[in-house]
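What follows is a short report on a single structure.
The values are calculated or read from the model by the stated rules, or taken from the named source; none is laboratory data. Everything numeric in this text was worked out from a predicted model, so none of it was measured. Cβ atoms come from the backbone with ideal geometry, glycine included; neighbour counts cover every protein chain shown.
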Amino acid sequence: MEKVILQIENLFKSYGKIKAADDISFEVFKGEIFGLVGPNGAGKTTTIECIEGLRKSDSGNLKVMGLNPLTSGRVLRDSIGIQLQESELPGRIKVWEAIDLFSSFYSKTVKYDPLLKDLGMDDKKGTYFSRLSGGQKQRLFIALSLINDPELVFLDELTTGLDPQARRATWELITNINKKGKTIFLTTHYMEEAERLCDRVAIMDQGKIIALDTPQDLIRGIKIENKLIFSVAGDFQLDTLNDTKSISKYEKLGDKIIVYGQGNKMVRDTVNFLVKNNIDFYDLKTEQATLEDVFLNLTGKEIRS
């Protein structure tokens with residue numbers, strides 16, 4: 001049986017008439033990457049800060065590693081790592097000085113040289129914070145959240161503002177941290193990020209959890225058809241595809257042909273048909289349903305960035 005490391009039951013938090021967390025309940029299991037995903041303003045940061053003990057909930061039962069984050073905050077923070085959505089350090093503090101300072105906050109710490117090496121920051125120890133790139137600053141904040149060797153790590157909108165290359169490098173770091181036995185709870189409004197990283201995701205909108213499952217099962221559940229898009233040389237009679245049973249429909253847009261169907265069988269059958277009939281095709285690509293489609297299906301609106 002999987003060990004529950006975090007348990008949230010009926011969490012409420014409001015600001016006047018705005019319900020930032022509206023009857024939130026879920027569990028996080030030891031060793032997984034759990035994502036709380038949704039648009040900006042959905043209530044993700046309020047929820048994670050209540051869990052971390054940084055914000056007092058109006059009501060609800062919260063257990064983090066068996067402890068109440070408000071009444072046992074000092075003990076709990078020795079065993080968790082936190083990276084806030086908005087973090088800043090003095091521009092003239094050096095990397096090693098920041099880590100040395102944060103190390104003094106905990107009863108136990110790890111040696112920071114191996115940690116910086118793992119994060120690709122070992123050559124930046126003497127660099128001022130103000131001279132770090134956006135991606136390097138985020139790596140430093142990850143290092144600061146790991147300096148106490150936590151069992152559970154909270155990452156709030158870690159890759160916001162990073163360029164695509166830095167974002168993907170950060171994804172690799174998160175995966176490697178998880179492989180070392182850390183449980184990771186992250187929030188993000190990037191659906192691609194959640195789909196790429198998370199074992200399970202809770203989709204949040206307007207203060208409520210509207211879906212919770214593995215990314216794959218959430219995507220399968222909406223039953224959106226896959227697309228196969230390609231171009232052909234010369235004339236191509238679309239009705240010749242009628243006998244391919246795995247194809248539900250097809251259309252032509254300019255010089256591109258789009259074929260729709262469920263699963264990989266449609267792709268295989270279409271390509272086999274083209275090859276069998278000596279039809280030259282090029283620029284072939286597939287488009288599959290994503291968590292973005294799940295959110296759109298559940299809410300009827302595009303995700304807000």
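A few remarks follow.
- Across the stretch 174-198, the qualifying residues are those that are in a helix (DSSP H, G or I) and hydrophobic (A, V, I, L, M, F, W, C), and the one among them that is surrounded by the most Cβ atoms within 10 Å (Cβ to Cβ) is 194.
- Scan of the stretch 15-26 for residues that are surrounded by fewer than 16 Cβ atoms within 10 Å (Cβ to Cβ) and in a strand (DSSP E or B), ordered by number: 15, 18, 23, 25
- Contact map, the stretch 249-270: first residue closer than 15 Å to residue 284 by Cα, second residue at pLDDT 85 or above and of a type in the set (Asp, Glu), Cβ cut-off under 7 Å, separation 6 or more or different chains; pairs are 258/251.
- Residue 249 vs. criteria under 25 Å from residue 152 (Cα atoms) and surrounded by fewer than 14 Cβ atoms within 10 Å (Cβ to Cβ): no
- Meets criteria (of a type in the set (Phe, Trp, Tyr), modelled with pLDDT under 90 and on the phi < 0 side of the Ramachandran plot) for residue 273: yes
- The residue pairs whose first member lies in the stretch 134-159 and is closer than 14 Å to residue 106 by Cβ, whose second member is in a loop (DSSP other than H, G, I, E, B) and acidic (Asp, Glu), and whose beta carbons are closer than 7 Å, counting only pairs six or more residues apart or on different chains, are 148/78.
- Among residues of the stretch 94-110 being of a type in the set (A, V, I, L, M) and crowded, with 16+ Cβ neighbours inside 10 Å, the one that is nearest to residue 79 (Cα to Cα) is 99.
- Helices (runs of 4 or more DSSP H) (entirely within the stretch 61-173) containing at least 2 residues that are small (Gly, Ala, Ser): 95-103, 134-146
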